[in-house]
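Everything below concerns the one structure shown next.
The values are calculated or read from the model by the stated rules, or taken from the named source; none is laboratory data. On a predicted model such as this, the values are computed, not experimentally measured, just so you know. As a convention, Cβ positions derive from the backbone with ideal geometry for all residues, glycine included, and neighbour counts pool all protein chains shown.
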Amino acid sequence: MIQKKTSEIFKKIIFCQLTINILIAFMINFIMEICGRKTFSASILYMTDHTKVFLYNMTLIFLSLCFVFLVKRRTFAIVVISTFWLAIGITNGIMLGYRVTPFTVVDFTLIGSAFTIMGKYLSLSQQILLYISVIIVLSLFVFVFIVAPKHKEKIKLRRNLVMVILCVVGFYFLTKSALASGMLSRYFGNIALAYKQYGVPYCFTVTFVDRGINMPPDYSNYAVQKAATKKLKDAKAPLAIKEGTKTRTPNIIYVQLESFFDPDLVKGISLSEDPIPNFRKLKEEYTSGYLSVPVVGAGTCNTEFEVITGMNMDFFGPGEYPYKSIMKETTCESVAYDLKDLGYKAHAIHNNNGNFYGRNKVFSRLGFESFTSIEYMKNVTMNPIGWAKDDVLTEEITKILDKTEEKDLIYTISVQGHGNYPDTIVDENQTITVSGIDNEGEKHAFEYYVNQIHEMDQFIADLVNQLSNYKEDTVLVLYGDHLPSLGIDQKDLESKSIYKTEYIIWNNFDLPKEDRNLQAYQLSASIFSKLGIDNGTLIKYHQRNMGSKKYNKNLKILQYDMLYGKRYVYGQTNPFERTDIKMGIDDIVITLVEQDGENVKVHGKNFTTYSSIYVDGKLVESEFVDNSTIQVPEYTLEDNAKVTVSQLGNRQSVLSTSGQYVYFVSR
């Protein structure tokens, strides 16, 4: 009798929903870690070495499963919640195969851009498999919803809701305790290492709840004014403008080089020839040094953001892209705004899609007056995996210099060095070979990379040659945005950091060579200092206070005030108006529309392969003929038809539209 009762109790424990949820939470957590760590043994080691952290993440998943007690379709709810967590883990594992940065909530904001570059990372068969997987999962949801039984007993909603609330409150205090003890952290200096140390579920959740800059505890008008106007007593201020420096206003050209760094910094490999002889020569002759950047393997726009604004990305949420968050809502002080008072015109150039990272809108909130993206470039050639080669940028830079009378600030973003780096030979004309890498696929990837940066190095030489003979004083700033996603670890590097690239400040006049290692957010302040320019709140701050113990503390106060606070530093107003940015430096003009037999021909100026025809506001299928002609095959225009030419970016989004041409049959 006693044995029978014991057996029944044991069965209830085994099969009760709570026990099932605990087991499911354990399995999901373990599978997520296998996906991120790549091996079963590494996940076992993590579970044993970081048992408390593993149990915490398991509790987080279990907490999400507690909500099934509020619905009758518990099986369906469990399947949906479990699929959600597993999808995060699997996606993280896939993304770590192509880049160093783990999967974060911010990546959801890049879905539109992801579709346009999917073909550069996934083969056709892999893309088909991905779509089939999505269809299978959705079908599974429908099947489970229809077939899975409902909970038979009446739900005690009040009791269950109280239970769920108690679980949430309990988990809140557990989290506070874990943070206080140091078992967990909300600050991720290295997000890739954080995922390994604190687990995928926790880190992914933090990237959702921790966005923007948290208000500093001592934030006030007084603290802001003090940070903005007073020099910190212990500041070493190596970027301070030297006494007697005259203000100079040359053209200032930034070239952010995609995934560019010196392969000689990698230990244990040798190259058949130097892939970057021109960059190396410039490094020896002009101001240069290491540049600490906020990202590795991906996240170009965050390095870009630091250089343009002088803001430190460490103060933002883990994995956050300000371009996809706060910069969608407000303008922000930048080098473009800072130089306007000195008569500069600000331009941006990028040989990739204009709406990637939302740049076509963000740049107007950073003070740029024009933005020339690949959709407006005429002589573009592609590398073997479909990224535009950088040699086209020389023509675009010089075009702006020749077209404008004012001093120019030109911010250029290259793309040729972008991954995914192929693990097979895709270019039989490669000249540089690599030795010291045993894995054949990794060797092919590295060889592809060094040959691409070899071409980028030639672009640098051609650009410098053009600017050397230019009649106006010019400063050229060259730097890598981040290391390539080639699985390079810091122990493999002479620099001992995967967050260090290099920079050079070239000029065609007489700036002295002053080598110094910098953070990306200090680079513009360093350039301006050499020119005797201190325009800009953060430019002044970096020039005066670098090296102080309170340097980062006060910098965070200023950044919070400028973007999220009351803007005390500007007298509680926003002095920066969004610019009416012009896409492309050349106007796209229709000069004639004619009916040529069965076809329509549109003639004009500055057409590109991204130009498309709209008739009466509707997109029609067209063919690019040349830079002055686009053809609409087998189409007849009606009288009084209104024809325009639009440049289309990712997913056929309209970047700009020409003036309207009205077609009359009588013509």
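Of note:
- Per-region count, the stretch 171-188, residues assigned to a helix (DSSP H, G or I) and among the aliphatic types (A, V, I, L, M): 4
- Criterion violated by Y323 - all others in (1) touching a residue at least 60 places away in the same chain (Cβ under 8 Å); (2) in a helix (DSSP H, G or I) satisfied: (1)
- Any hit, the stretch 541-550, residues being touching a residue at least 60 places away in the same chain (Cβ under 8 Å), in contact with a helix residue (DSSP H, G or I) (Cβ under 8 Å, 6 or more places away or on another chain), closer than 24 Å to D341 by Cα and among the aliphatic types (A, V, I, L, M): no
- Selection status of S181, loosely packed, with under 15 Cβ neighbours inside 10 Å, more than 21 Å from V79 (Cα to Cα) and among the polar types (S, T, N, Q): yes
- Residues of the stretch 341-360 that are outside any strand (DSSP E or B) and in contact (Cβ under 8 Å) with a residue 40 or more places away in the chain: D341, L342, G343, N351, N352, N353, G354, N355, F356, Y357, R359, N360.
- Selection over the stretch 234-277 of residues that are in a loop (DSSP other than H, G, I, E, B), surrounded by fewer than 22 Cβ atoms within 10 Å (Cβ to Cβ), among the hydrophobic types (A, V, I, L, M, F, W, C) and in the same structural domain as I504 (by TED's automatic domain parsing) gives a count of 1.
- Any hit, the stretch 388-397, residues being assigned to a strand (DSSP E or B), within 29 Å of H444 (Cα to Cα) and in contact (Cβ under 8 Å) with a residue 24 or more places away in the chain: yes
- Index of the failed condition, I31 passing every other in (1) surrounded by fewer than 20 Cβ atoms within 10 Å (Cβ to Cβ); (2) of a type in the set (V, I, T); (3) modelled with pLDDT under 90: (3)
- In the stretch 437-452, residue nearest to S259 (Cα to Cα) [restricted to those that are free of Cβ contacts under 8 Å to residues at least 40 places away in the same chain and surrounded by 15 or more Cβ atoms within 10 Å (Cβ to Cβ)]: E447
- Criterion: assigned to a loop (DSSP other than H, G, I, E, B) and either farther than 24 Å from S373 by Cβ or more than 28 Å from the chain's Cα centre (by Cα) (or both) - qualifying residue of E428, E447, E442: E428
- Among (1) surrounded by 14 or more Cβ atoms within 10 Å (Cβ to Cβ); (2) at pLDDT below 95, the one test that D639 misses: (1)
- Single residue of the stretch 95-136 satisfying the filter (at pLDDT below 75 and small (G, A, S)) that is surrounded by the most Cβ atoms within 10 Å (Cβ to Cβ): S113
- In the stretch 613-667, the qualifying residues are those that are part of a strand (DSSP E or B) and in contact with a helix residue (DSSP H, G or I) (Cβ under 8 Å, 6 or more places away or on another chain), and the one that is farthest from Y376 (Cα to Cα) is L619.
- One residue stands out in the stretch 586-612 among those that are in a loop (DSSP other than H, G, I, E, B) and within 14 Å of N627 (Cβ to Cβ): the one that is nearest to the chain's Cα centre (by Cα), namely Y610.
- Output for the stretch 642-667, where each listed residue is closer than 26 Å to G584 by Cα, exposed (fewer than 12 other Cβ atoms within 10 Å of the Cβ) and in contact with a Leu (Cβ under 8 Å, 6 or more places away or on another chain): Q652
- Filter pass, V307 being outside any helix (DSSP H, G or I) and crowded, with 20+ Cβ neighbours inside 10 Å: no
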